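J.: Provided herewith is a single structure, encoded as structure tokens, for subsequent inquiry.
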Amino acid sequence: MSTASVSVSVVSQLSVSKPDPNLKQIKSAKIERGLSDIYGENIRLTTYTSDADVDPIKTDWYNADPKKRGPVVPSKFKNGLGKHNAIGAHGGPYSIYHALSIGTRQLDSNHIADYTSGFPSFDFPQVPEWSEPGKIVSLDPFGHMTPWLYNSIGKKEGVEVRPSMAITKAVLSIPEIRGEVQKGNLKPDGKVVLNEDGDMACTKVAVDPVWYLPGVAERLGISEADLRRALFEDTNGMYPELVTRPDIKVFCPPIGGCTAYIFGNPANLHKEDKRLSVRVHDECCSSDVFLSDICSCRCYLIFGLVEAAREAQNGGNGMICYFRKEGRCLGEVTKYMVYNARKRCGDTADNYFPRTECIAGVKDARFQELMPDILHWFGIKTIDRMLSMSNLKYDAIIKSGIDIKERVEIPDYLLPADCRVEIDAKIASGYFTNGHRYTDEELKKVEGRQWQNI
Ligand SMILES: [Zn+2]
């Protein structure tokens, strides 16, 4: 089946019926087959369930026994073309850089990873949520143990199995946290979370997205067929198997994942008699890293870290779940266009969401419905303090079955003046507050500053 004629038949099966006037020209154009020494002479555009050489490794997503659950294998390396059981590629967006490393021959396509000392710094226990139907659909619960659980099956089947999660330890030296220690607002404990200099100790868990498509579709309230078609079409056909392989239920999408930063003893995280403060934070590079003052992101992140340290020092845990969801998942290019429109058209709170919608078409594309999976992976049942005002995050967590005892809003004095436009617009749209919720008339009077040079 692996001939060029297969490629042509694939094109005909996937094409719309209307003839393409350029088809003759396309047909006569010479198709260059690069890297033939690595990939072979033939290019297989996709596979079909009916292909004679297709025999995917068995998976059973909600099986609690990792051996019966089976490994997630998107790679077509070695025997993977017939045996892979996931669509997409390992590594989220970094799969593209992996391709460049192969293309430039800086990476040997036959490289076998040696994970010998990469095992987790803390062994999080398997909890029932890992196999409870519908509970975890956007990450692989066994993704941190892949090299050790599935090494033998990888060797036996001749396929590449790679981890999609990793767990390590870190020390965070954050200027604001050090400042809080110097001011006496945070006390060093020397062993749990804070040292004399104000450095924070944490355990951190990196998660690449792995989607169980039937579960993701159910979470979003659409059919699996609609989900597959949208993913296929809107990525301009990047992953044909989304439509040609309905038997493959797992997709490794080329998107950013999440990192959980855990403060305090990670062994307590799932214990209901231990207190837990959580901030779910969506990436905002301009504020989080570069301290732009147009939004409240870094301020809230720092507030979350301070509260996390306090909870850890009180014998509980603090946790920041940091999602790579830049600019509400609309991206920085859209975000900056919105900033321009806001600053040029009157930066008032009543215009905050309309300015986003007129460029992006939507207010938000973060789909918080998938966010609680990381909380369930830890076995969390109750969050004592939710360090977020977002109704979207709150609703998603509650709907997923986790209880939230207290919602904590960021104190006003921590907010830079220019971010009032954002925060007041969000409060008016449904964000949690114990304070004042602005009326439409009042929102018109909340105005950001004009562009200025310093
Ligand atoms: Zn921001």
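Values quoted throughout were computed directly from the atomic coordinates according to the rules given, and no laboratory measurement underlies them. Predicted model only: the values in this text are computed from it and were never measured. We place every Cβ from the backbone using ideal geometry, glycine too, and count neighbours over all the protein chains shown.
J.: Counting only residues that are of a type outside the set (S, T, N, Q) and without any contact (Cβ under 8 Å) to a residue 12 or more places away in the chain, which one in region 148-166 is farthest from residue 122 (Cα to Cα)?
T.: Only one residue fits best here, namely 156.
J.: Any idea which residue in region 407-454 is nearest to the ligand (Cβ to nearest atom), counting only those that are among the β-branched types (Val, Ile, Thr) and free of Cβ contacts under 8 Å to residues at least 60 places away in the same chain?
T.: For region 407-454, the residue satisfying everything is 427.
J.: So, in region 167-182, of the ones that are in a helix (DSSP H, G or I) and touching a residue at least 60 places away in the same chain (Cβ under 8 Å), which residue ends up surrounded by the most Cβ atoms within 10 Å (Cβ to Cβ)?
T.: Among them, the one singled out is 177.
J.: Is it true that residue 237 is buried (at least 22 other Cβ atoms within 10 Å of the Cβ), in contact with a helix residue (DSSP H, G or I) (Cβ under 9 Å, 6 or more places away or on another chain) and at positive phi?
T.: no
Per-residue answers, yes or no, for (1) within 20 Å of residue 125 (Cβ to Cβ); (2) part of a helix (DSSP H, G or I); (3) not basic (Lys, Arg):
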site	(1), (2), (3)
228	no, yes, no
232	no, yes, yes
238	no, no, yes
242	no, yes, yes
246	no, no, yes
254	no, no, yes
260	yes, no, yes
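J.: Mind listing whichever residues of region 71-88 are surrounded by fewer than 21 Cβ atoms within 10 Å (Cβ to Cβ) and aliphatic (A, V, I, L, M)?
T.: 81 - this is the single residue of region 71-88 that is surrounded by fewer than 21 Cβ atoms within 10 Å (Cβ to Cβ) and aliphatic (A, V, I, L, M).
J.: Could you go through region 136-152 and let me know if any residue there is exposed (fewer than 13 other Cβ atoms within 10 Å of the Cβ) and within 24 Å of the chain's Cα centre (by Cα).
T.: Scanning region 136-152, I find no residue that is exposed (fewer than 13 other Cβ atoms within 10 Å of the Cβ) and within 24 Å of the chain's Cα centre (by Cα), so the answer is no.
J.: Give region 219-238 a look and list any residue that's farther than 23 Å from residue 136 by Cα and either of a type in the set (Gly, Ala, Ser) or touching a residue at least 24 places away in the same chain (Cβ under 8 Å) (or both), or say none.
T.: Answer for region 219-238, where residues must be farther than 23 Å from residue 136 by Cα and either of a type in the set (Gly, Ala, Ser) or touching a residue at least 24 places away in the same chain (Cβ under 8 Å) (or both): just 237.
J.: List, please: which pairs have Cβ atoms under 9 Å, are six or more places apart or on different chains, and start with a residue in region 251-265 that is under 22 Å from residue 313 (Cα atoms) and end with one that is of a type in the set (A, V, I, L, M) and in a loop (DSSP other than H, G, I, E, B)?
T.: 262/269; 263/192; 263/193; 264/192; 264/193; 265/192
J.: Return the residues of region 417-432 that are assigned to a loop (DSSP other than H, G, I, E, B) and surrounded by fewer than 16 Cβ atoms within 10 Å (Cβ to Cβ); say none if nothing qualifies. Outline the logic, then answer.
T.: Taking region 417-432 as the starting set, the residues that turn out to be assigned to a loop (DSSP other than H, G, I, E, B) are 430-432.
Matches in region 417-432: 430 only.
J.: Here is a follow-up. If we only count helices (runs of 4 or more DSSP H) wholly inside region 27-120, which ones have 1 or more residues that are β-branched (Val, Ile, Thr)?
T.: Values: elements: 36-39, 66-69, 80-83, 94-103.
It comes to 36-39, 94-103.
J.: Residue 337 is checked against (1) within 12 Å of the ligand (Cβ to nearest atom); (2) in contact with a helix residue (DSSP H, G or I) (Cβ under 8 Å, 6 or more places away or on another chain); (3) without any contact (Cβ under 8 Å) to a residue 40 or more places away in the chain and fails just one. What number does that condition carry?
T.: Evaluating residue 337 over (1) within 12 Å of the ligand (Cβ to nearest atom); (2) in contact with a helix residue (DSSP H, G or I) (Cβ under 8 Å, 6 or more places away or on another chain); (3) without any contact (Cβ under 8 Å) to a residue 40 or more places away in the chain leaves (1) as the failure.
J.: Same structure, new question: Collect the residues in region 270-280 that are crowded, with 23+ Cβ neighbours inside 10 Å and either within 16 Å of the ligand (Cβ to nearest atom) or of a type outside the set (Val, Ile, Thr) (or both), keeping them in residue-number order.
T.: Once the filter is applied, which keeps residues that are crowded, with 23+ Cβ neighbours inside 10 Å and either within 16 Å of the ligand (Cβ to nearest atom) or of a type outside the set (Val, Ile, Thr) (or both), region 270-280 yields 276, 277, 279, 280.
J.: Hey, another quick one. Condition test on residue 356, is it farther than 30 Å from residue 130 by Cβ and either within 22 Å of the chain's Cα centre (by Cα) or buried (at least 19 other Cβ atoms within 10 Å of the Cβ) (or both)?
T.: Yes.
J.: Now for a separate question. Tally time: how many residues in region 208-218 are among the acidic types (Asp, Glu) and either under 16 Å from the mean Cα position of the chain (by Cα) or more than 8 Å from residue 137 (Cβ to Cβ) (or both)?
T.: 1
J.: If you scan region 193-226, which residues turn out to be among the basic types (Lys, Arg) and in a helix (DSSP H, G or I)?
T.: Across region 193-226, the qualifying residue is only 219.
J.: I'm trying to understand the selection: among the residues of region 329-373, which are touching a strand residue (DSSP E or B) at 6+ places or on another chain (Cβ under 7 Å) and charged (D, E, K, R)?
T.: 347, 366
J.: Under 6 Å between Cβ atoms, at least 6 apart or on separate chains: pull out the pairs that start in region 358-377 with a residue that is in a loop (DSSP other than H, G, I, E, B) and end on any residue that is surrounded by fewer than 15 Cβ atoms within 10 Å (Cβ to Cβ).
T.: These pairs meet every condition: 363/357.
J.: Within region 281-331, which residues are assigned to a loop (DSSP other than H, G, I, E, B) and more than 16 Å from the ligand (Cβ to nearest atom)?
T.: Across region 281-331, the qualifying residues are 314, 315, 316.
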